[in-house]
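J.: First the structure, which I've put down as structure tokens, then a few questions once you've had a look.
The values are calculated or read from the model by the stated rules, or taken from the named source; none is laboratory data. All values reported here derive from a predicted model rather than from experimental measurement. We place every Cβ from the backbone using ideal geometry, glycine too, and count neighbours over all the protein chains shown. We work out accessible area using only protein heavy atoms, side chains counted, and drop any ligands, DNA or RNA first. Shrake-Rupley method; radii C 1.70, N 1.55, O 1.52, S 1.80 Å.
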Amino acid sequence: MRLVRSLDLRGWVLLGAAALCIALPGAVGTLGGSAHAAASLEERKLPMHFNWIACQPNCRGWVSAVGIVTADSPREFDEFARGRELHGTTIVLDSSGGSVNDSIALGRRWRALGALTTVGISTQDHIAQGERARVVPEAYCESMCVFLLLSGKTRYVPEAAHVRVHQIWMGDRADDPKAANYTAQDLMIVERDIGRLAKYTFDMGGAGDLLLLSLNVPPWEDLHELSPAELRLTNLATTDAVAEVLPRNDNVTSPVPIAALQPKPVQDRFVSNVTDDEPVVSAVKSTKTAEAVVPTGGVAAVMPAK
């Protein structure tokens, strides 16, 4: 995993093959999966970016959100959304988390749009018959990404996904958290952001168990990957039907995008920074929390959001 200088939770993995015209019923997006995973790993090291994945006429398309949430992410999403009709759209996540408070701001924007959320690597392949859009389920949603996932009105987690959580920490001291010094103000900032995150969790319909599981994992331990039972316990997964988040067009006979359902392991953690959607405590500097990332996510250190 990597270090993110802001609260973030690392990610879970998503749906299988949603293809234009050529996906067979029950097909799974595994072909070329390793190549897509390698490319996605590099993208997860970068600030979050948004792309529209078109899949007409088979389905209505979706938003791909890949990378680390920074202080610029809410504004960049607003710019991406300008001129697009995104109400009720699906957002497909592949992220190692990022800034806590900026993730909260972004998640509230998505809930206001009535967005649906899931985890996966979005791909568009050029084939002989034309373009094919699909979602590869072997992806990561870690740290604050888990709370972005929570923002969806309907949430689907494929069995092949890796949804991992951990504890909040100061991002500028995540390299060696046990050796660092902390002031009373540092503790106040972290506790303030835990409070903001708790309010957001309950506003989004999440369970207190999500906070409990996350806050039990310190930054010097591996992220905790949520099991299928924990995904239900925390209310992160609200449906087992991929068709509820990636529906096909009613006037098409092509199959609905199918996600690869494969078993997954268990372990996670998280950190903090400031948003424009949450009240800010008087003149207190914004938090620079960090996510200590485990190797599986393959994330490089990222500078804290300012």
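J.: Can you spot a residue in the stretch 103-114 that is within 16 Å of I53 (Cβ to Cβ), surrounded by fewer than 24 Cβ atoms within 10 Å (Cβ to Cβ) and free of Cβ contacts under 8 Å to residues at least 60 places away in the same chain?
T.: No: zero hits.
J.: List pairs: first residue in the stretch 190-212 and closer than 16 Å to C145 by Cβ, second residue of a type in the set (G, A, S) anywhere in the structure, Cβ distance under 6 angstrom, at least six positions apart or on different chains.
T.: Going by the 6 Å Cβ cut-off, the qualifying pairs are M204/S151; L211/A198.
J.: Does T123 qualify as being touching a helix residue (DSSP H, G or I) at 6+ places or on another chain (Cβ under 8 Å), open to solvent by less than 50 Å² (accessible area, probe 1.4 Å), outside any helix (DSSP H, G or I) and among the polar types (S, T, N, Q)?
T.: Yes: the conditions hold for T123.
J.: Is it the case, given these coordinates, that A180 is outside any helix (DSSP H, G or I), open to solvent by less than 10 Å² (accessible area, probe 1.4 Å) and at negative phi?
T.: Considered against the rule, which asks whether it is outside any helix (DSSP H, G or I), open to solvent by less than 10 Å² (accessible area, probe 1.4 Å) and at negative phi, A180 comes out as no.
J.: Name the residue that is surrounded by the most Cβ atoms within 10 Å (Cβ to Cβ), counting only residues in the stretch 44-60 that are assigned to a strand (DSSP E or B) and in contact with a Gly (Cβ under 8 Å, 6 or more places away or on another chain). Spell out the reasoning first.
T.: To start, the set of residues in the stretch 44-60 that are assigned to a strand (DSSP E or B) comprises 47, 49-53, 59.
Now drop any that are not in contact with a Gly (Cβ under 8 Å, 6 or more places away or on another chain), which leaves 47, 49, 52-53.
On the way: P47: 16, H49: 14, W52: 14, I53: 18.
Among residues in the stretch 44-60 that are assigned to a strand (DSSP E or B) and in contact with a Gly (Cβ under 8 Å, 6 or more places away or on another chain), the one surrounded by the most Cβ atoms within 10 Å (Cβ to Cβ) is I53.
J.: With the condition kept exactly as written, say whether any residue in the stretch 61-76 is open to solvent by 20 Å² or more (accessible area, probe 1.4 Å) and either assigned to a strand (DSSP E or B) or farther than 22 Å from E142 by Cα (or both). Walk me through it before giving the result.
T.: Filtering the stretch 61-76 for residues open to solvent by 20 Å² or more (accessible area, probe 1.4 Å) gives 70-72, 75-76.
Narrowing the set further to residues that are either assigned to a strand (DSSP E or B) or farther than 22 Å from E142 by Cα (or both) leaves none.
The answer is no; no qualifying residue exists.
J.: Given the conditions (1) among the acidic types (D, E); (2) open to solvent by less than 10 Å² (accessible area, probe 1.4 Å); (3) over 20 Å from T90 (Cα atoms), and given that E142 satisfies all but one, which numbered condition is not satisfied?
T.: E142 satisfies all of (1) among the acidic types (D, E); (2) open to solvent by less than 10 Å² (accessible area, probe 1.4 Å); (3) over 20 Å from T90 (Cα atoms) except (3).
J.: Has the stretch 80-98 got any residue that is among the acidic types (D, E), in a helix (DSSP H, G or I) and surrounded by fewer than 16 Cβ atoms within 10 Å (Cβ to Cβ)?
T.: no
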